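Enquirer: Before we start, here is the structure in question, set down as structure tokens.
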Amino acid sequence: MKTHKFLLSEKDIPTQWYNIMADMPNKPLPPLHPGTKEPIGPEDLAPLFPMELIKQEVSEERYIDIPEEVQDAYRLWRPSPLHRAYNFEKMLDTPAKIYFKYEGGSPSGSHKPNTAIAQAYYNKMEGVERITTETGAGQWGSALSFACQYFGLECEVYMVKISYDQKPYRKVLMNTWGAKVYASPSDRTEAGRAILAKNPDSPGSLGIAISEAIERAVMDEKTKYSLGSVLNHVLMHQTVVGQEAVKQMEMAGDMPDIVVAPFGGGSNFAGLTFPFLKMNLTEGRNIRFIASEPASCPKLTRGVFKYDFGDTIGMTPLLPMYTLGHNFVPAPIHAGGLRYHGAGVIVSQLLKDKLIEARAHQQLECFDAGVKFAKAEGILPAPEATHAIATVVDEALKAREEGKSKVILMNLCGHGHFDLSAYQAYFEGQLSDHEMSENEINQLIAAIDTPEAV
Ligand SMILES: *Cc1c(COP(=O)(O)O)cnc(C)c1O
């Protein structure tokens, strides 16, 4: 009998998060104040985040205890299953063994509640009453809405206007969990009103929505702000995924040769890979790690390592990271997520130090891989996740050519049930490939007038 799923019990849910800062050979450079360009201290972040999360952001402790209340919440959907993709292996006619960790069984359908629950908890503990955030397609907004509902906090989501109009069902999900969702730019903030005055029909952008959410948080003492990726504490919260996967690979009697995850800001990639990367850093293992990004937003494969802003307007601290420049606007033809111009500082440092790799894929190749995967394994992947599947296909076919067996582990970080319009566009032939020209990239990069990260 084949074992398709490797299942842990509730007592196997990790009780600590793993902080890779403790084991990195080179620590990331400090974030800089957007005005003074000097390293920022905890007090600079205090209006935005609860102190416990600020401490985690700068911590170099190897393990941080997960509070009981957060573990309780995790038990609503964790541990998540690890699958062996026998049918996909057969379809690809590969000698490679393919495993995937499935995070789509969470309440909002992705890995994001792993950090949303933790962030809502620390806010609640420090007397915060309301959390603001931005959301693009709605994955992060839904995860935070659920987490705020769970801990009895108000949630205010600024949703990029074009998504608000085009993706109404994510909004309904957020409303179901009690969140207030506003199309951004809105008339609720100075940032929003300024944009609307210039252009009443502005489609909005993630950068504008971030500015609105931050402004609301700074204005009110009982309101704080929350981010769903990029930051160190967010990446750390996701390591419950990889810690479970280490145990499950042991159950399967295999160790991965390659671990693959899609890459937006780095949180699901970090979540799955860091507990395995620890083995390279501390036990001399030789596992490869590949971050899969879209060719239309190639910050890891074609961006520069530089200090840059997290938003468009330049309100956030400057972070040392791989970036396409904060003025980057993704091609409208791109249907999936993963459109952020920058990357988390930890993952950026690891890439710079060649401890991880990155690969870019074209859009059609990703949807093709995603549809193949759905046919073989039954699960419709989130468009973001199809980027990792495309990398797995590459590696599985290479294994066949080389006649070598190898073990590949992938993060299936979410399902695509709210992304059916993207699949529809793919089936109707309305999507196309898009690759940035050398010229476009050079222009964007030349326009980054921020300090060098050296
Ligand atoms: C948000 C999201 C991503 C991208 O964010 P990361 O922080 O890089 O993980 C990828 N996949 C899914 C399903 C998401 O919701």
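The values are calculated or read from the model by the stated rules, or taken from the named source; none is laboratory data. Predicted model only: the values in this text are computed from it and were never measured. Glycine gets a Cβ as well: all are built from the backbone with ideal geometry, and neighbour counts include every protein chain shown. The protein model used for the area step is the full one, side chains on, heavy atoms only, and it has no ligands, DNA or RNA in it. Shrake-Rupley method; radii C 1.70, N 1.55, O 1.52, S 1.80 Å.
Enquirer: For segment 255-285, name all the residues that are surrounded by 24 or more Cβ atoms within 10 Å (Cβ to Cβ) and hydrophobic (A, V, I, L, M, F, W, C).
Expert: Val259, Val260, Ala261, Phe263, Phe269, Ala270, Leu272, Phe274 - these are the residues of segment 255-285 that are surrounded by 24 or more Cβ atoms within 10 Å (Cβ to Cβ) and hydrophobic (A, V, I, L, M, F, W, C).
Enquirer: Out of all the residues in segment 232-254, is one or more open to solvent by 10 Å² or more (accessible area, probe 1.4 Å) and under 25 Å from Gln362 (Cα atoms)?
Expert: Looking for residues that are open to solvent by 10 Å² or more (accessible area, probe 1.4 Å) and under 25 Å from Gln362 (Cα atoms), one finds none in segment 232-254, hence no.
Enquirer: If a residue must be farther than 16 Å from Leu82 by Cβ and touching a Gly at 6+ places or on another chain (Cβ under 9 Å), how many such residues does segment 390-413 contain?
Expert: Result for segment 390-413: 1.
Enquirer: Among the numbered criteria (1) in contact with an Asp or Glu (Cβ under 7 Å, 6 or more places away or on another chain); (2) surrounded by fewer than 19 Cβ atoms within 10 Å (Cβ to Cβ), which single criterion is violated by His326?
Expert: Result: His326 passes all but (2).
Enquirer: Test each condition in (1) closer than 24 Å to Leu380 by Cβ; (2) open to solvent by 10 Å² or more (accessible area, probe 1.4 Å) for Ser292 and report the one that comes out false.
Expert: (2)
Enquirer: If you check Gly264, Gly242, which single one turns out to be of a type in the set (Gly, Ala, Ser), in contact with a Leu (Cβ under 7 Å, 6 or more places away or on another chain), assigned to a helix (DSSP H, G or I) and on the phi < 0 side of the Ramachandran plot?
Expert: Gly242
Enquirer: Can you find a residue that is within 16 Å of the ligand (Cβ to nearest atom), of a type outside the set (Phe, Trp, Tyr) and under 19 Å from Ser59 (Cα atoms) anywhere in segment 213-226?
Expert: yes
Enquirer: Now for a different question. Pick from segment 93-139 the residues that are of a type in the set (Ser, Thr, Tyr) and more than 18 Å from Leu173 (Cα to Cα): which of them is farthest from the chain's Cα centre (by Cα)?
Expert: My answer is Thr94.
Enquirer: Looking at Lys198, Lys180 in this structure, which one is closer than 23 Å to Phe418 by Cα and not assigned by TED's automatic domain parsing to the domain that holds Val347?
Expert: Lys180
Matching residues to (1) open to solvent by 10 Å² or more (accessible area, probe 1.4 Å); (2) assigned by TED's automatic domain parsing to the domain that holds Asn268; (3) within 16 Å of the ligand (Cβ to nearest atom); (4) at pLDDT 95 or above:
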| position | (1), (2), (3), (4) |
| --- | --- |
| Lys352 | yes, yes, no, yes |
| Glu357 | yes, yes, yes, yes |
| Ala360 | yes, yes, yes, yes |
| Lys372 | yes, yes, no, yes |
| Lys375 | yes, yes, no, yes |
| Ala390 | no, yes, yes, yes |
| Val393 | yes, yes, no, yes |
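Enquirer: Looking at Met91, Met51 in this structure, which one is open to solvent by 30 Å² or more (accessible area, probe 1.4 Å), in the same structural domain as Lys372 (by TED's automatic domain parsing) and among the aliphatic types (A, V, I, L, M)?
Expert: Testing whether each residue is open to solvent by 30 Å² or more (accessible area, probe 1.4 Å), in the same structural domain as Lys372 (by TED's automatic domain parsing) and among the aliphatic types (A, V, I, L, M) leaves just Met91.
Enquirer: Here is a further query. Residues in segment 335-348 that are touching a helix residue (DSSP H, G or I) at 6+ places or on another chain (Cβ under 6 Å) and either open to solvent by 10 Å² or more (accessible area, probe 1.4 Å) or more than 16 Å from the ligand (Cβ to nearest atom) (or both): how many?
Expert: 3
Enquirer: Condition (residue is among the aromatic types (Phe, Trp, Tyr), away from the ligand (no atom under 16 Å from the Cβ) and within 24 Å of Val241 (Cα to Cα)) applied to segment 130-140: is it met by at least one residue?
Expert: No, segment 130-140 contains no residue that is among the aromatic types (Phe, Trp, Tyr), away from the ligand (no atom under 16 Å from the Cβ) and within 24 Å of Val241 (Cα to Cα).
Each row is one residue, and each column tells you yes or no for (1) modelled with pLDDT under 95; (2) in a helix (DSSP H, G or I); (3) touching a helix residue (DSSP H, G or I) at 6+ places or on another chain (Cβ under 9 Å).
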{"residue": "Met249", "(1), (2), (3)": "no, yes, yes"}
{"residue": "Phe269", "(1), (2), (3)": "no, yes, yes"}
{"residue": "Leu277", "(1), (2), (3)": "no, yes, yes"}
{"residue": "Asn280", "(1), (2), (3)": "no, yes, no"}
{"residue": "Ser296", "(1), (2), (3)": "yes, no, yes"}
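Enquirer: In segment 322-347, what count of residues is obtained for those that are touching a residue at least 24 places away in the same chain (Cβ under 8 Å) and over 13 Å from Ile445 (Cβ atoms)?
Expert: Qualifying residue count for the region: 16.
Enquirer: Helices (runs of 4 or more DSSP H) wholly in segment 334-430 with at least 1 residues that are among the acidic types (Asp, Glu) - which ones?
Expert: Per the criteria, 363-377, 383-402.
Enquirer: Are there helices (runs of 4 or more DSSP H) fully within segment 127-210 with at least 3 residues that are surrounded by fewer than 19 Cβ atoms within 10 Å (Cβ to Cβ)? List them.
Expert: Passing ranges, in order: 161-166, 168-176, 190-198.
Enquirer: Could you check, for segment 424-436, whether at least one of its residues is under 30 Å from Asn232 (Cα atoms) and either of a type outside the set (Phe, Trp, Tyr) or modelled with pLDDT of 95 or more (or both)?
Expert: yes
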